[in-house]
Each structure stands twice: as C-alpha cells, then as structure tokens.
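Trainee: Once you've had a glance at the structure underneath, I'll fire off some questions.
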Amino acid sequence: MEDTYDPRSVERKAQAFWESRRSFHAEEAAGKKKFYCLSMFPYPSGKLHMGHVRNYTIGDVLTRYLRMRGFNVLQPMGWDAFGLPAENAAMANKVPPARWTYDNIAYMRKQLKSLGFALDWEREIATCSPDYYKWNQWLFTRMFRKGLAYKKTGIVNWDPVDQTVLANEQVIEGRGWRTGALVEKREIPMYFFRISAYAEELLKALDELPGWPEQVKTMQKNWIGKSEGVRIGFPYELDGKKQVLWVFTTRADTLMGATFMAVAAEHPIAESAAKRDSRVKAFIDECKKGTVIEAELAQIEKKGMPTGLSVTHPISGERIPVWVGNYVLMTYGEGAVMGVPAHDERDYAFAAKYGLPIKPVIRHPLGDKVDPPWRPEYAEYGTCINSGKYDGLDFQEAVEAISKDLKEKHLGEKQIQWRLRDWGVSRQRYWGTPIPIVHCPACGDVPVPDDELPVKLPEDLVPDGTGNPLAKMPSFYETKCPECGRAAKRETDTMDTFVDSSWYFSRYACPDQQAAMVDERASYWMPVDQYIGGIEHAILHLLYSRFFQRVMRDEGLMPKVAEPFTNLLTQGMVLAESYYTDASGRREWVNPADVVVERDAKGKILSARTKNGKEVVYDGIGTMSKSKNNGVDPQALIDKYGADTARFYTMFASPPTNTLEWSDESVEGSYRFLRRVWAFALQFSKGHKTAGQDTAARREIHATLKQASYDMQRQQFNTVASACMKILNSLEKLEDPGSATAAEGLSILLRLLAPIAPHLAHDLWIELGFGEDVMKAPWPEPDAAALEQDEIEYVVQVNGVKRGSVRAPKAADRSALELIVPSLDFVKKHIGDKIIKRIVIVPGKLINVVA
RNA sequence: GCCCGGGUGGUGAAACUGGUAGACACAGGGGACUUAAAAUCCCCAGGCGCAAGCCGUGGCGGUUCGAGUCCGCCCCCGGGCACCA
C-alpha cells in the first residue's frame, strides 16, 4: 500500500470496482427483505450545493449500513427537471430551458458519481423527459374523467407591464421582479385537483405513520385543518329577490353576539354593492391590488367598508350590517364571516376601529363585560349570557340548541369545514408538463386520448418573460377535437412541478416501462422504507405525494399501497449568509464566497463588500437557494480533500435533523482523521502480527462500538463519526500496533467507517487482507465479554451536587453502598453536622446523599 | 399575523428513558521535531478565583433528592403559509 493517503487514487479505484461489479444495481428478489431508501431528487440548478451533499450522504450512509445488515437495497436517483429557474436562465442567456437543464443534469450527475453514492444509476429518470411526463398526462385524464381534476377560476399575481402571471417568488415587496410594477390580482380559469375529497383519509392516516416525525404530522394536521362547526344562513333581500348569506363558524354559541358580517372582496354580495356605491367599488379595487401571497395578506392592516346592505339575524331577527373586509378569504368556507367582536380578537379590532357595537354573550374568566383593551380571556369558552333562551348553556349545549333551531328554519346545520384547499395545478408557463386537454367549441374540454399521449413539449423555445411562448405558437395549440374532429385549441398551460414529484418514487421501480405508469415491480419496492429530505417539504410535497399515492391506488395501480413513505427523516436545512447589491434598484445576489466581511468582536457585521470593493447588503442567514445565490459549491472541497472527507465532514458536523450553518473551517480535522486512519493501517500492515490482547483497549473499543451501533440505528451519524475517531484514538495508544487487539479494532473501525467514508474503507479492507469487499462484510457486533468489569466507579453527590466518586465491586448491592458512602471524607465534609435523610442510588452509576 | 422547530464553551457539537454538563473535533495557546516552513507528535483549555470553592446549557419562574432534559410565561433565530423547489 501507498505510504500516504491519496484520496484521488483510492476513490478512483473503489468507484471502478463498484462500477465493474454493478455493486449498486438493485433487483427484485423474493427471498430477501427489501429496503427502499430514497433521498429527494434534486432540481438540476447547475451545481450541487452542500444541502444536496448532506441529503445524499445521509441516504448513502443508511443504504450502505443496511447492505451490511443484509437487506436488498434500492437507492435510485433522478432529476426534478421542470421548473422556473430554467426559464429564468433561458431569459438571461437566450438558451432553451431544455438545453440548460440537460447540461446541468450531465454536470451534476458527474458530481454525484464522484461522491461515490451507492446509487442504481440504471434507474435514473428526468421528469422533463416525455417518457416520464406522459404519465402525468395519462393520470390527469383519468382524474379529469372522474371529476378529480376540474376547472374553476383561481386568483394569480399579475404583472401589468409584462402582461404575465408571476410566481410568488417573483413578487418582491408587492412589485414584479423584472418590471418593478405594482402587482395585481387577476382571476383566470385553472384546473384543480380535488385533494379535498381525500382530506379525511389524509388526516386520519397520519395516526398510522409511526415512522414520521411528530412535528411533520402536526404540521400536516394543522394544514388540513378539520374544524367542526355550524353553517349559518343570514337571509336578505336584494333587488326584490330573497337570498341567504352563508357563513361558517366554530363558535355558534356566540351567534347572539354577532353585530356585523364581513365578506371577501370577491364575494357576490360585495360585487353587487360595488355596482351601486362607488366607495365600495373603490375599496374592492383597492383590495384587488397587491399580491395573493397569504403570508403578506395576513400582515396587512385590517380594513373594511360598509356595503349599505344588511341581513337578518336568523334567531333574533335583528338587522345586521354587511361589510367588505380585506381580511376575509374567499378561499376558506364561503368567503363570509360573522363578526362577534366581544369574543373574537380579529372581529374586536375591526369593530373597535369602525365603531361597531360589541355585545358580550359569553361569561368569561374576567366576568360578563368586555372592556378595552382586548384580553385573550374574552375568547374563552363559557356560559351563554344575554342570549335569551340560550342563557345558562355551556358551549356544547349552546351549539346543539342553536344548530337545532337553525335547522328547523332551514338556516343552518352542523358542518365540517376544511382548511385544505383544492390543488391548483395550472401554470401559465412553458417549461412543464402540457395539460392534456383540448378545448372544442362544440364538445367543451376534452381530454387527449391515450394513443395521442404524450402531448409533447417543444424543446427549442426560449421564453422572454412576457408569458407562455406556447400560447404564441399555433403549431402547438392548433389541433382537432378528439371527439368531433372539428378545429379546436389545445390547452397551453402546463402543470405545477409538484405533480412531477408526487409519484417519481414509484417510477424508479420500473423506469423502462413504456406501456404503463407503473408495473408490478412498483408493488415490490413500494412503499419507500426510508425517505430523506429537507424539512421545507414537510407540508406541500409530502401531502401531495400522499394524495397521489391514493389516487393511483384507486386507479388500480399498486392497490395495496396508500402511504408512499413508511419512515421519514427530515433533514435540517443547510444555511448560509446571503448578500446583494442594490445599485440599479434591482437586487443582484452575490455568492458569499465572493464577499469579504468585516465583523466586530461579537461577530456582528460591520461592512461587507465584494472582492472588487463593491458594497453589498447583508440579507441575513437562510437556506441555500438558487434565487439568493448563496449555495456553497462542494466541488472545491472534493477537489482538495476528496469525496470521503466531504462525506465524513458533513456527517460529523451535526446530527441530520439539525439546521446547519455552513462553515468549511473544520474540514481539515476530518481530512486529518482519514490520514491518521491510513497511517495506522500502514503501521499495522508493516508490523509483526502478534496474538497479544489489551483488555482495557478492547473494552474501550467495544464500548464505543456498542454506542456507535445504537447511534447508527437511531440515525445520529455525527456520533458514529465521533466513535470512529475514538476507536482510532484507542488504537493509536496501543503498545503493540500489530497485536490481535489492533487487528480486531481495525476491522471494527473500517466497517464502522464503510458507510461514511466508503472509498477509504474499501481500499484498506482489501489492503489489510480482511476480505475483498467491505460492503459484503457483516456489521460488527460488540462482544459482551469484552465489556465486563469487576469494579464500577460511582459518582457521589451530596444534595445533588457532585462531590467525588468511589469505586465499588460490581457485586456491591444497595445496602453495601449505603454503608460505604457516609464514611467517605468528602461526603462527611459536605454534610457537616446535618443528618442524612436518604440515600438515592442509581444502579451502576450514581449515589446521591440527601441531608 | 398563523402553524412547526431550534437556542449548550471562541466554533461544530455530546450527554439514549430526569442522574458526572461540554465526549469527539475545529479554531487557539504552549512545547517537541526541523536550518526554516509544512506535515506530524505531546500538553493546556467553560467563566471567575492563589486556593477551598462559586457560577454556568437564551431569560424569568415552577416541579424534583437531582433539570440541558419535565411544566408555565417571555426573548431571539430558522422553516412553512398553497405559483421557488
């Protein structure tokens, strides 16, 4: 073997070995227990960033570990290849998105290969390939026929200058990112997936996912948002016609305290009021300005305007004024709420602002009155007061009584309301899956027949930022109706890229299948046993995937699989600082690698400039993203230290679920460790082999192994890496580096290291003659005999504070210890003349004397 | 604003079910080797204190023989909020 560790040649050798043996090729095998390990596929943005390296190393460590445990492992890789950045790049460089995307894929594939991930590359897929998106279209047509895909209007961000729909990301402080124009809301027809039809099942099934983090399940539960309440009708007359304004409330017990109604700007009642009252029209127009981004809407000042209309209270018969409120969402319930200012914080603020009456109807912990300022107690459940026949009822009784009375009047009944909205999938963009619908003047919306799929996306277009180029391309959209044969127009919208990522994991099982979306091989591999990806996907991607799996199940594909992911590991984000220049009024993001920062003693940034002296603005720390240009490219790291160091370091730096502020400062240490492993192996290989045993060292090594095995199972890889270091420390301290203990320790070390730094482990395993393939070696087991000890060192506390320790024979029981401890000098000293009340003993560990 | 996380030395972190706070490293200081440097090796190291000892896991309070770990309130940071992926 070489005298020094040369990662380049070690890694080349190992990768050639794996390639020549197709080591990572997975095949369905009936007898062996399968394990499908999957990391979220990357968007081919150009280069890998540290988030990818972390994500894929986590997956790789797991699969290599499970291989050693004897599982039939599948770990595939592919590309989430449709999306907005390709269009942005196209605009900037005048290169078609297809070309840009395929180039990026080629480069990133090379990077992934150089990291030595145990991936089955024979199953690679790219979602922008017609072979793949054909099945998006195929499933869409099934869903369309079943009514699971349907058309209605949706609200989008509209850039009035570029005459184009903007993604939320392209709206910066209420303005279009390219034009700077104030963004408007616009209603357009779109297709939706009826995910709401599965709301109940998606919610319930969360309870049967023990392998998912509680955190994620809670987020999904809240997102689906099941609430039980009452739908209440408030009758009114408009232009001589009797109508009813419907609201949903979870607080029907407060109905008698309703003093106003608030409707969304898009509500029909608001629109009809606008026709009569120019002030209402002006207010609604005002509401329609700005973005559709809910995070921003939630923070704007709550404003309203009376419509001049009033409705009748269904119980009391009182007249109640109807307002338009900018805080009422058309997308939740029926776009109207009843205002009960005495018992709802938002309604209170609204009523206080506009001088509307506040009528307390619930006895709260502070009494019967509601005086300013608002107190959270006002919203608590309590007994009804000032509510006529409902006085004295508690929450549940009041809801029952009121909903019963409303039902008799046909003005209400109990209802379940969901927060989850149907999934809008239409995008007015080019680089995505064409929606397979033909618009026929006679037949309406007609799905494209199976034998005409896929509707292929032309790959040579270059978008210019003024809308979807497909809509300007007659050769794409001019077609004939599949039903009547008359001239018709193809849909030019494409699908949300979340559609692509909602089922790709099943396609990996059978990427070559031309005749079907998936085949029986998917039933073998699915569900994914371990899914790994960023916590940022906790809701949308994971929920959509759970929905799609059920749609596919109900379509007869993989009939036994409802949940796509049995176990979920949510990787913490890799964060980096971001900087921009603001010279032209448009933000130009500067990569942190190109920024020189000056800090004060506390680490606060004093000034930041680019390497050529331009002042930049610090934008805080956040997730590595293409849009903020703050991704740290791992390539320099790999070039300098090799893949094993990059892998080892990312695992060592923190546990997988932690967010990680990237710093490559301490990479050196990981490299130094791998070099030391090499150096020790070299020393061992040159030394004389002896049968000598070192009991103390063996105990250390096996104790460390025991902990490392446990940590491996609970996926805490940073301490597995530490364990490798500890074992090497023990080995280096051995008096005889050729001893049997050294041989045993090395064989344990290399196997622990094999999942994390596989190239080095592979090479040394062969060089030292342990075998021909470390991946085929069994995972090491700690030897119970090596862990045996005759004496135990007890920590001794007095009143919970550590004062010393005492060695006692392993066999010493409680009464023996109780006898020894009070006579210890340091115990006597700290007890003084106090009386010992009790002695707490934690077996094998600790003794606490309480005085 | 709403929902979900996180906060431990100068830094990344460890401490599994409440039981020795800071394992393992990085950066740092000191030393050895070297003509010198790199590399390597050895030693030191939470803060205050000569020491005994005291303080210390974002802050305040609580439960407990004992709290980084459990409970309550607050502060700060990150993720998500439906068209970034």
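Trainee: Please compute the contact order of region A:1-128 in relative form: average sequence separation of alpha-carbon pairs under 8 Å and at least six residues apart, divided by the residue count, as a percent. Please report the intermediate quantities before stating the final value.
Mentor: Details: 139 pairs, mean separation 43.2, N = 128.
Computed value for region A:1-128: 34 percent relative contact order.
Trainee: Tell me the trypsin sites (Lys or Arg not before Pro) within region A:311-414 that lie in a loop according to DSSP and have at most 11 other beta-carbon atoms within 10 Å.
Mentor: Working: sites: A:Arg319, A:Arg346, A:Lys353, A:Arg363, A:Lys369, A:Lys389, A:Lys404, A:Lys407, A:Lys409, A:Lys414; in loops: A:Arg363, A:Lys369, A:Lys409.
Answer by residue number: A:Lys369, A:Lys409.
Trainee: Give the lysines reachable from A:Lys221 as a straight Cα distance under 18 Å; neighbours fewer than 8 places away on the same chain don't count.
Mentor: A:Lys204
Trainee: Calculate how steeply helix A:540-554 sits against the longest principal axis of the alpha-carbon atoms of chain A, using the helix alpha-carbon long axis, and give the answer as 0 to 90 degrees to the nearest 10.
Mentor: 80 degrees
Trainee: Karplus couplings for region A:313-326 from phi (6.51 cos²θ - 1.76 cosθ + 1.60, θ = phi - 60°), rounded to Hz, Gly and Pro as x?
Mentor: Rounded to whole hertz, the list is 5, x, 9, 7, x, 5, 8, 10, x, 9, 10, 9, x, 6.
Trainee: If each DSSP helix of 4+ residues adds -39,500 (n - 2.57) and the sum is divided by the residues in chain A, what number results at 222 nm, nearest 500 deg cm²/dmol? Present the calculation step by step, with values, prior to reporting the outcome.
Mentor: On the way: 27 runs with 292 residues, N = 851.
When only DSSP H runs of four or more count, the value is -10500 deg cm²/dmol.
Trainee: Let me ask another. Is the C-alpha gyration tensor of region A:177-311 telling us rounded, prolate or oblate? Criteria: a/c under 1.5 is rounded; beyond that, a/b larger than b/c is prolate, otherwise oblate.
Mentor: oblate
Trainee: log10 I(q)/I(0), Debye, Cα-only region A:13-150, no solvent, q = 0.10, 0.20 Å⁻¹?
Mentor: Debye curve over Cα of region A:13-150, log10 I(q)/I(0) at q = 0.10, 0.20 Å⁻¹: -0.44, -1.19.
Trainee: Just to check I understand the Karplus step: with θ = phi - 60° and J = 6.51 cos²θ - 1.76 cosθ + 1.60, what whole-Hz values come out for region A:454-459, glycine and proline as x?
Mentor: Once θ is set to phi - 60°, the couplings for region A:454-459 become x, 6, 7, 8, x, 9 Hz.
Trainee: I need the P(r) histogram for region A:102-218: all alpha carbon pairs, bin width 10 Å from 0 out to the longest distance, whole percents.
Mentor: Reading upward from the zero bin: 10, 18, 25, 36, 11, 0.
Trainee: Next question. Give the separation of the Cα centroids, region A:217-234 to region A:278-313, in Å.
Mentor: 23 Å
Trainee: Give the lysines whose C-alpha is closer than 21 Å to that of A:Lys146, dropping any in the same chain fewer than 8 places away, or say none.
Mentor: The reachable lysines, counting only those whose Cα sits under 21 Å from A:Lys146, are A:Lys134, A:Lys560.
Trainee: Taking square-rooted eigenvalues a ≥ b ≥ c of the alpha carbon gyration tensor, is region A:238-366 rounded, prolate or oblate, where a/c under 1.5 means rounded and, failing that, a/b exceeding b/c means prolate?
Mentor: It is oblate, given that a/c is not under 1.5 and a/b is not larger than b/c.
Trainee: Same structure again: Would you mind checking A:Lys94/A:Lys614; A:Lys110/A:Lys628; A:Lys302/A:Lys359 for any pair whose Cα atoms are more than 22 angstrom apart?
Mentor: A:Lys94/A:Lys614; A:Lys110/A:Lys628
Trainee: In what order, largest first, do A:Lys34, A:Lys689, A:Lys802 sit by accessible area if the probe radius is 1.4 Å? Before the final figure, lay out the partial values.
Mentor: Numbers: A:Lys34 35, A:Lys689 115, A:Lys802 135 Å².
I get A:Lys802, A:Lys689, A:Lys34, largest accessible area first.
Trainee: Still on this structure, I have one more. Enumerate the amide H contacts of A:Gly424 below 5 Å, restricted to partners 5 or more residues apart or on another chain; note that Pro and chain-start residues carry no placed amide H.
Mentor: Those qualifying (amide H under 5 Å, at least 5 residues apart or on another chain) are A:Phe193.
Trainee: Above 13 Å lies some portion of the pair distances; for region A:1-52, what is it as a whole percent of all C-alpha pairs? Working shown, then result.
Mentor: On the way: 1011 of 1326 pairs.
I get 76 percent for the Cα pairs in region A:1-52 exceeding 13 Å.
Trainee: Among bridges DSSP assigns within region A:708-851, what percent are antiparallel (round to 5)? All intermediate terms of the calculation are to be shown ahead of the outcome.
Mentor: On the way: 13 of 17 bridges.
So the antiparallel bridges in region A:708-851 amount to around 75 percent.
Trainee: Further, regarding this structure: Taking the solvent-accessible surface of protein heavy atoms with a 1.4 Å probe, what is the per residue accessible area of chain A in Å²?
Mentor: Values: 38250 Å² over 851 residues.
Heavy-atom SASA per residue in chain A reads 45 Å².
Trainee: Test of the criteria: in region A:52-122, which trypsin sites (Lys or Arg not before Pro) are in a DSSP loop and have at most 14 other Cβ atoms within 10 angstrom of their Cβ? Could the numbers behind the result be given before it?
Mentor: Working: sites: A:Arg54, A:Arg64, A:Arg67, A:Arg69, A:Lys94, A:Arg99, A:Arg109, A:Lys110, A:Lys113; in loops: A:Arg69, A:Lys94.
Filter output for region A:52-122: A:Arg69, A:Lys94.
Trainee: OK, next. With charges set only on the Cβ (+1 for Lys and Arg, -1 for Asp and Glu), what does the dipole of region A:312-365 come to about its Cα centre, in debye to the nearest 20? Show your work: numbers first, answer last.
Mentor: Values: 5 positive and 5 negative charges, 33 e Å.
Rounded to the nearest 20 debye, it is 160 debye.
Trainee: With every protein chain kept in the model, how would you rank A:Arg22, A:Arg178, A:Arg647, A:Arg251 by accessible area, 1.4 Å probe, largest at the top?
Mentor: Numbers: A:Arg22 125, A:Arg178 90, A:Arg647 0, A:Arg251 35 Å².
I get A:Arg22, A:Arg178, A:Arg251, A:Arg647, largest accessible area first.
Trainee: Let me ask something additional. By the gyration tensor of its Cα atoms, with a ≥ b ≥ c the square roots of the eigenvalues, what is the shape of region A:61-131: rounded for a/c under 1.5, prolate for a/b over b/c, or oblate?
Mentor: Details: a/c = 3.59, a/b = 2.58, b/c = 1.39.
It is prolate, given that a/c is not under 1.5 and a/b is the larger ratio.
Trainee: Another question about this same structure. Under unit Cβ charges (Lys, Arg +1; Asp, Glu -1), what dipole magnitude, rounded to 20 debye, does chain A have relative to its Cα centre?
Mentor: The dipole magnitude comes to about 640 debye.
Trainee: Over chain A, what is the mean sequence separation of C-alpha contacts under 8 Å (at least six apart), divided by residue count, expressed as relative contact order in percent? The partial results should precede the final answer.
Mentor: Working: 1562 pairs, mean separation 115.9, N = 851.
Relative contact order here is 14 percent.
Trainee: Now for a different question. If you wrap a convex hull around the Cα atoms of region A:317-461, how much volume per residue is inside, in Å³? Please list the in-between numbers first.
Mentor: Numbers: hull volume 35.3 nm³, N = 145.
Spelled out: Cα convex hull of region A:317-461, divided by residues, is 243 Å³.
Trainee: Viscosity 0.692 mPa s, temperature 37 °C: give me the Stokes-Einstein translational D for chain A in µm²/s, with Rh taken as the Kirkwood radius over C-alpha pairs. Before the final figure, lay out each step's value.
Mentor: Details: Rh = 32.0 Å.
Taking Rh from Cα pairs, D becomes 103 µm²/s.
Trainee: Through the Karplus equation 6.51 cos²θ - 1.76 cosθ + 1.60, θ set to phi - 60°, convert the phi angles of region A:192-199 into ³J(HN,Hα) values in whole Hz; use x for Gly and Pro.
Mentor: Once θ is set to phi - 60°, the couplings for region A:192-199 become 10, 9, 7, 5, 4, 5, 9, 3 Hz.
Trainee: To make sure I understand the rule: partners must be aspartates and glutamates, Cα under 19 Å from the Cα of A:Lys733, and not fewer than 8 residues away in the same chain. Which ones qualify?
Mentor: A:Asp694, A:Glu700, A:Glu744
Trainee: Using a 1.4 Å probe over the heavy atoms of the protein chains, calculate the carbon and sulfur portion of the accessible area of chain A as a whole percent.
Mentor: Working: 19340 of 38250 Å².
Looking at chain A in its full context, I get 51 percent from C and S.
Trainee: Still on this structure: I want the antiparallel fraction of DSSP beta bridges within chain A, as a percent rounded to 5. It would help to have the intermediate numbers written out before the result.
Mentor: Numbers: 86 of 109 bridges.
If we restrict to bridges inside chain A, about 80 percent are antiparallel.
The values are calculated or read from the model by the stated rules, or taken from the named source; none is laboratory data. Given the structure is predicted, the values throughout are model-derived calculations rather than measurements. All Cβ positions, even for glycine, are placed from backbone atoms using ideal geometry, and neighbour counts span all protein chains on display. Areas reflect the complete protein model, heavy atoms only, side chains present, ligands, DNA and RNA absent. Shrake-Rupley method; radii C 1.70, N 1.55, O 1.52, S 1.80 Å.
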